[in-house]
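The values are calculated or read from the model by the stated rules, or taken from the named source; none is laboratory data. Please read all numbers here as calculations on a predicted model, not as lab measurements. Heads up, the Cβs are rebuilt from the backbone with ideal geometry, glycines too, and the neighbour counts pull from every protein chain shown. Surface accessibility is based on the protein's heavy atoms, side chains included, excluding ligands, DNA and RNA. Shrake-Rupley method; radii C 1.70, N 1.55, O 1.52, S 1.80 Å.
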Amino acid sequence: MLTTIIVIGLAIVLKDWFEHKKKLNFTSDYINKFREFGNELYSNHFNQTNYEWLKMKSFKMQSLSGDFGVARTYKPTGANYYLKGYQIIINGLTEVKNIYQRMSGTYGGLNFEWQMLQESLGMIDDTLLSYIGFLENKSEQKLKAIRNPVTWFREGIQFIVTLPISLIYWSGIINYRAYNKVNNNVFVKLISLAVGIIAFISSIITIVTGYVPFSDFIKDLFEFYY
(Lines give C-alpha, C1' and ligand atoms only; values in the text may rest on other atoms or scores of the structure.)
Protein backbone atom coordinates (compact mmCIF):
# COMPACT_ATOMS: atom_id res chain seq x y z
CA MET A 1 0.00 0.00 0.00
CA LEU A 2 2.81 2.37 0.90
CA THR A 3 4.45 1.85 -2.49
CA THR A 4 1.17 2.55 -4.31
CA ILE A 5 0.64 5.79 -2.37
CA ILE A 6 4.20 6.95 -3.09
CA VAL A 7 3.95 6.12 -6.81
CA ILE A 8 0.66 8.04 -7.09
CA GLY A 9 2.17 10.98 -5.22
CA LEU A 10 5.29 11.03 -7.41
CA ALA A 11 3.13 10.97 -10.56
CA ILE A 12 1.15 13.96 -9.24
CA VAL A 13 4.32 15.90 -8.37
CA LEU A 14 5.86 15.24 -11.80
CA LYS A 15 2.64 16.20 -13.59
CA ASP A 16 2.54 19.45 -11.60
CA TRP A 17 6.17 20.16 -12.56
CA PHE A 18 5.58 19.65 -16.29
CA GLU A 19 2.51 21.90 -16.20
CA HIS A 20 4.54 24.53 -14.35
CA LYS A 21 7.31 24.36 -16.98
CA LYS A 22 4.74 24.90 -19.72
CA LYS A 23 3.57 28.10 -17.99
CA LEU A 24 7.14 29.32 -17.55
CA ASN A 25 8.10 28.58 -21.17
CA PHE A 26 4.96 30.25 -22.52
CA THR A 27 5.49 33.36 -20.39
CA SER A 28 9.17 33.57 -21.44
CA ASP A 29 8.15 33.36 -25.12
CA TYR A 30 5.47 35.99 -24.55
CA ILE A 31 7.75 38.55 -22.90
CA ASN A 32 10.44 38.03 -25.56
CA LYS A 33 7.92 38.60 -28.35
CA PHE A 34 6.48 41.61 -26.50
CA ARG A 35 9.89 43.23 -26.05
CA GLU A 36 10.68 42.68 -29.72
CA PHE A 37 7.37 44.36 -30.58
CA GLY A 38 8.05 47.26 -28.18
CA ASN A 39 11.58 47.88 -29.43
CA GLU A 40 10.27 48.14 -32.99
CA LEU A 41 7.70 50.72 -31.87
CA TYR A 42 10.52 52.92 -30.59
CA SER A 43 11.95 52.70 -34.11
CA ASN A 44 8.59 53.87 -35.55
CA HIS A 45 7.69 50.42 -36.87
CA PHE A 46 4.46 48.68 -35.94
CA ASN A 47 4.98 44.93 -36.45
CA GLN A 48 1.48 43.74 -37.27
CA THR A 49 2.46 40.05 -37.19
CA ASN A 50 3.89 40.31 -33.68
CA TYR A 51 0.92 42.36 -32.51
CA GLU A 52 -1.57 39.78 -33.78
CA TRP A 53 0.38 36.96 -32.07
CA LEU A 54 0.49 38.89 -28.79
CA LYS A 55 -3.18 39.82 -29.01
CA MET A 56 -4.33 36.27 -29.80
CA LYS A 57 -2.33 34.91 -26.87
CA SER A 58 -3.25 37.79 -24.53
CA PHE A 59 -6.28 36.04 -23.01
CA LYS A 60 -4.17 33.00 -22.08
CA MET A 61 -1.41 35.22 -20.71
CA GLN A 62 -3.91 37.32 -18.77
CA SER A 63 -5.52 34.21 -17.25
CA LEU A 64 -2.18 32.68 -16.26
CA SER A 65 -0.86 35.86 -14.65
CA GLY A 66 -3.89 36.11 -12.34
CA ASP A 67 -3.63 38.93 -9.82
CA PHE A 68 -0.28 39.99 -11.28
CA GLY A 69 -2.07 41.07 -14.46
CA VAL A 70 -4.85 43.13 -12.87
CA ALA A 71 -4.60 46.67 -11.51
CA ARG A 72 -7.20 47.38 -8.83
CA THR A 73 -7.35 51.01 -9.95
CA TYR A 74 -5.69 52.48 -13.03
CA LYS A 75 -5.50 56.09 -14.17
CA PRO A 76 -4.61 56.46 -17.86
CA THR A 77 -1.99 59.12 -18.54
CA GLY A 78 -3.63 62.52 -18.90
CA ALA A 79 -7.07 61.24 -17.87
CA ASN A 80 -9.13 62.58 -14.95
CA TYR A 81 -10.78 59.24 -14.16
CA TYR A 82 -9.83 55.83 -12.75
CA LEU A 83 -10.55 52.34 -14.09
CA LYS A 84 -11.21 49.48 -11.68
CA GLY A 85 -10.05 45.91 -12.29
CA TYR A 86 -7.95 46.98 -15.27
CA GLN A 87 -6.62 43.96 -17.20
CA ILE A 88 -3.10 45.09 -17.93
CA ILE A 89 -2.18 42.68 -20.73
CA ILE A 90 -5.43 42.52 -22.71
CA ASN A 91 -6.34 46.20 -22.39
CA GLY A 92 -2.75 47.40 -22.35
CA LEU A 93 -1.97 45.95 -25.78
CA THR A 94 -5.01 47.66 -27.27
CA GLU A 95 -3.98 50.92 -25.58
CA VAL A 96 -0.47 50.64 -27.04
CA LYS A 97 -1.90 50.18 -30.52
CA ASN A 98 -4.27 53.15 -30.12
CA ILE A 99 -1.49 55.43 -28.84
CA TYR A 100 0.79 54.48 -31.74
CA GLN A 101 -1.96 55.12 -34.28
CA ARG A 102 -2.55 58.59 -32.80
CA MET A 103 1.17 59.25 -32.94
CA SER A 104 1.26 58.27 -36.62
CA GLY A 105 -1.24 61.05 -37.31
CA THR A 106 0.94 63.70 -35.65
CA TYR A 107 4.12 63.19 -37.69
CA GLY A 108 6.11 61.11 -35.26
CA GLY A 109 4.14 61.84 -32.13
CA LEU A 110 4.13 64.53 -29.49
CA ASN A 111 6.19 64.33 -26.31
CA PHE A 112 3.25 63.40 -24.08
CA GLU A 113 2.22 60.69 -26.57
CA TRP A 114 5.69 59.14 -26.39
CA GLN A 115 5.40 59.28 -22.61
CA MET A 116 2.04 57.50 -22.72
CA LEU A 117 3.47 54.82 -25.01
CA GLN A 118 6.46 54.26 -22.73
CA GLU A 119 4.25 54.01 -19.64
CA SER A 120 1.89 51.50 -21.29
CA LEU A 121 4.74 49.34 -22.56
CA GLY A 122 6.52 49.56 -19.21
CA MET A 123 3.43 48.54 -17.26
CA ILE A 124 2.93 45.41 -19.38
CA ASP A 125 6.63 44.55 -19.20
CA ASP A 126 6.70 44.93 -15.38
CA THR A 127 3.64 42.68 -15.08
CA LEU A 128 5.21 39.93 -17.18
CA LEU A 129 8.54 40.27 -15.38
CA SER A 130 6.89 40.00 -11.95
CA TYR A 131 4.96 36.92 -13.00
CA ILE A 132 8.10 35.24 -14.39
CA GLY A 133 9.84 35.96 -11.08
CA PHE A 134 6.95 34.31 -9.25
CA LEU A 135 7.14 31.24 -11.52
CA GLU A 136 10.92 30.92 -11.08
CA ASN A 137 10.51 31.05 -7.31
CA LYS A 138 7.86 28.32 -7.61
CA SER A 139 10.28 26.27 -9.71
CA GLU A 140 12.65 25.98 -6.77
CA GLN A 141 9.84 24.74 -4.51
CA LYS A 142 8.60 22.24 -7.07
CA LEU A 143 12.10 20.84 -7.68
CA LYS A 144 12.43 20.28 -3.93
CA ALA A 145 9.08 18.45 -3.99
CA ILE A 146 10.34 16.14 -6.76
CA ARG A 147 13.34 15.20 -4.58
CA ASN A 148 11.32 14.73 -1.38
CA PRO A 149 9.64 11.30 -0.82
CA VAL A 150 7.64 12.79 2.07
CA THR A 151 5.95 15.10 -0.42
CA TRP A 152 5.17 12.14 -2.69
CA PHE A 153 3.55 10.38 0.25
CA ARG A 154 1.53 13.47 1.24
CA GLU A 155 0.28 14.05 -2.30
CA GLY A 156 -0.63 10.38 -2.69
CA ILE A 157 -2.68 10.41 0.50
CA GLN A 158 -4.34 13.69 -0.50
CA PHE A 159 -5.32 12.20 -3.86
CA ILE A 160 -6.82 9.04 -2.34
CA VAL A 161 -8.78 10.89 0.36
CA THR A 162 -10.18 13.51 -2.03
CA LEU A 163 -10.86 11.08 -4.91
CA PRO A 164 -14.62 10.79 -4.12
CA ILE A 165 -14.88 14.60 -4.10
CA SER A 166 -12.98 14.79 -7.39
CA LEU A 167 -15.32 12.26 -8.99
CA ILE A 168 -18.32 14.34 -7.93
CA TYR A 169 -16.68 17.45 -9.41
CA TRP A 170 -15.78 15.71 -12.67
CA SER A 171 -19.38 14.50 -13.01
CA GLY A 172 -20.55 18.12 -12.91
CA ILE A 173 -22.60 17.80 -9.72
CA ILE A 174 -20.58 20.53 -7.97
CA ASN A 175 -18.70 23.51 -9.40
CA TYR A 176 -15.01 24.28 -9.00
CA ARG A 177 -15.58 26.76 -6.17
CA ALA A 178 -17.35 24.13 -4.05
CA TYR A 179 -14.75 21.50 -5.00
CA ASN A 180 -11.87 23.79 -4.00
CA LYS A 181 -13.61 24.74 -0.75
CA VAL A 182 -14.10 21.09 0.26
CA ASN A 183 -10.55 20.18 -0.78
CA ASN A 184 -9.11 22.87 1.47
CA ASN A 185 -11.40 22.09 4.38
CA VAL A 186 -9.59 21.53 7.71
CA PHE A 187 -11.62 18.37 8.39
CA VAL A 188 -10.55 16.87 5.03
CA LYS A 189 -6.91 17.70 5.80
CA LEU A 190 -7.22 16.00 9.21
CA ILE A 191 -8.64 12.89 7.53
CA SER A 192 -5.70 12.94 5.10
CA LEU A 193 -3.30 13.17 8.05
CA ALA A 194 -5.00 10.30 9.88
CA VAL A 195 -5.08 8.06 6.80
CA GLY A 196 -1.45 8.88 6.13
CA ILE A 197 -0.36 7.95 9.65
CA ILE A 198 -2.35 4.71 9.59
CA ALA A 199 -1.02 3.75 6.14
CA PHE A 200 2.55 4.49 7.16
CA ILE A 201 2.37 2.58 10.44
CA SER A 202 0.63 -0.44 8.88
CA SER A 203 3.20 -0.55 6.08
CA ILE A 204 6.11 -0.42 8.52
CA ILE A 205 4.57 -3.16 10.70
CA THR A 206 3.94 -5.34 7.65
CA ILE A 207 7.52 -4.88 6.46
CA VAL A 208 9.03 -5.60 9.88
CA THR A 209 6.85 -8.52 11.01
CA GLY A 210 5.64 -9.88 7.70
CA TYR A 211 2.04 -10.03 6.58
CA VAL A 212 1.18 -13.46 8.05
CA PRO A 213 2.56 -12.88 11.58
CA PHE A 214 0.88 -9.50 11.66
CA SER A 215 -2.47 -11.03 10.62
CA ASP A 216 -2.14 -13.67 13.33
CA PHE A 217 -1.38 -10.95 15.87
CA ILE A 218 -4.58 -9.09 14.96
CA LYS A 219 -6.65 -12.29 15.22
CA ASP A 220 -5.15 -13.12 18.63
CA LEU A 221 -5.86 -9.59 19.79
CA PHE A 222 -9.53 -9.83 18.84
CA GLU A 223 -9.84 -13.28 20.46
CA PHE A 224 -8.32 -11.94 23.67
CA TYR A 225 -10.86 -9.11 23.98
CA TYR A 226 -13.91 -10.90 22.64
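Is there a pair in 23/84; 84/138; 23/60; 33/84 whose C-alpha atoms are over 20 Å apart, and which pairs would that be?
Working: 23/84 27 Å; 84/138 29 Å; 23/60 10 Å; 33/84 28 Å.
Beyond 20 Å: 23/84; 84/138; 33/84.
The length gained by stretching the chain between residue 15 and residue 73 to full extension, at 0.36 nm per residue less their Cα-Cα distance, is 17.2 nm.
Using only the Cα atoms of segment 1-134, what semi-axes does the equivalent ellipsoid have when each is the square root of 5 times a gyration tensor eigenvalue? Give whole Å, largest first. Intermediate values should be presented prior to the final figure.
Working: eigenvalues 283, 55, 19 Å².
Ellipsoid half-lengths, sorted descending, are 38, 17, 10 Å.
For segment 59-75, backbone phi angles converted through the Karplus equation (6.51, -1.76, 1.60; θ = phi - 60°) give residue-by-residue couplings of 5, 5, 5, 5, 5, 5, 5, x, 5, 4, x, 10, 9, 4, 9, 9, 10 Hz, Gly and Pro being listed as x. Over segment 8-147, Cα pairs under 8 Å with separation of 6+ residues give a relative contact order of 29 percent.
Calculate how large, on average over all directions, the projected area of the Cα convex hull of segment 119-159 is; give the answer in nm² to one decimal.
3.6 nm²
Here the simple spin-label model places points 7 Å from the Cα toward Cβ, and for residue 46 and residue 112 these points are separated by 2.1 nm.
Share of carbon and sulfur in the accessible area of segment 1-78 stands at 56%, probe radius 1.4 Å. Look at the dipole of segment 17-135 built from charges on Cβ: of 88, 37, 76, the Cα furthest out on the positive end belongs to 88.
When you filter the chymotrypsin sites (Phe, Trp or Tyr not before Pro) in segment 52-96 for DSSP loop state and at most 15 other Cβ atoms inside 10 Å of their Cβ, you are left with 81, 82.
What FRET efficiency comes out for residue 126 versus residue 7 if R0 is 35 angstrom and r is the Cβ-Cβ distance? Round to the nearest 0.05.
On the way: r = 42 Å, r/R0 = 1.21.
Efficiency for this residue pair is about 0.25.
In this label model, residue 144 and residue 22 are separated by 2.6 nm, measuring between points 7 Å along each Cα→Cβ vector. Below 13 Å, Cα to Cα, which aspartates and glutamates can residue 142 reach? Residues fewer than 8 away in the same chain don't count. Excluding near neighbours in sequence, the set is 16, 19, 155.
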